[in-house]
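A.B. asks: Mind having a look at this structure? Questions to follow.
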Amino acid sequence: MRRLSAVATDEEYRRVGRLIRAGAAGSVGEPVRVAVKDYITRAGVNKILSLRDISLPEARRAVEQYLKGNHGVVWPDEMAEKLGIDYRIVLKVVNQLLKEKKVESATAKTEAIQI
């Protein structure tokens, strides 16, 4: 666990104290943790991606391996997320594969590809 630091108004602090005294919160940290979870959910940051530092040839091998195991329509952004590779790198690889006719666009209007 890590410690977060925040400044609250006197009124906010008193309200948290009242919650604790009423038994609605076990500690000052409990409503803070709930507030952080709520904030993250509302902000749409449910997942934070950790991208690998990877060369283009390594990315190509990863993308090709991914495509071998995932037949049908594959979205480059979803593939980038699953592989932990920057979307722009995945898109470069996909464009190479399209030029080499190793994959094809699912439709002309999307960036989806299929094997």
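A.B. asks: Only helical DSSP H runs with n ≥ 4 go in: add -39500 (n - 2.57) per run for the chain, normalise by residue count and round the 222 nm mean residue ellipticity to 500 deg cm²/dmol.
C.D. replies: Values: 5 runs with 62 residues, N = 115.
Rounded to the nearest 500, the figure is -17000 deg cm²/dmol.
A.B. asks: With N denoting the number of residues in the chain, provide Rg(C-alpha) divided by 2.2 N^0.38 Å, to two decimal places.
C.D. replies: Its radius of gyration relative to the 2.2 N^0.38 Å reference: 1.72.
A.B. asks: Follow-up question, since we're still on this one. Taking amide H positions as placed in the peptide plane 1.01 Å from N, state which residues far from residue 103 in sequence (5 or more) or on other chains have amide H under 5 Å from it.
C.D. replies: 98
A.B. asks: Place +1 on the Cβ of every Lys and Arg and -1 on the Cβ of every Asp and Glu in the chain, take the dipole about the Cα centre, and give the residue among 70, 17, 98 whose Cα lies farthest towards its positive end.
C.D. replies: So the residue furthest toward the plus end is 17.
A.B. asks: So how compact is region 56-114: Cα radius of gyration and Dmax in angstrom?
C.D. replies: 10.1, 28
A.B. asks: While we're here: Sort 82, 68 so that the residue with the fewest other Cβ atoms within 10 Å of its own Cβ comes first and the one with the most comes last. Present the calculation step by step, with values, prior to reporting the outcome.
C.D. replies: Details: 82 13, 68 9.
So the residues, fewest neighbours to most, are 68, 82.
Only the coordinates and a few stated rules stand behind these numbers; no lab work does. The structure presented is a predicted model; accordingly, all values stated were derived computationally and were not measured. Every residue, glycine as well, gets a Cβ built from its backbone with ideal geometry; the counts of neighbours run over all protein chains shown.
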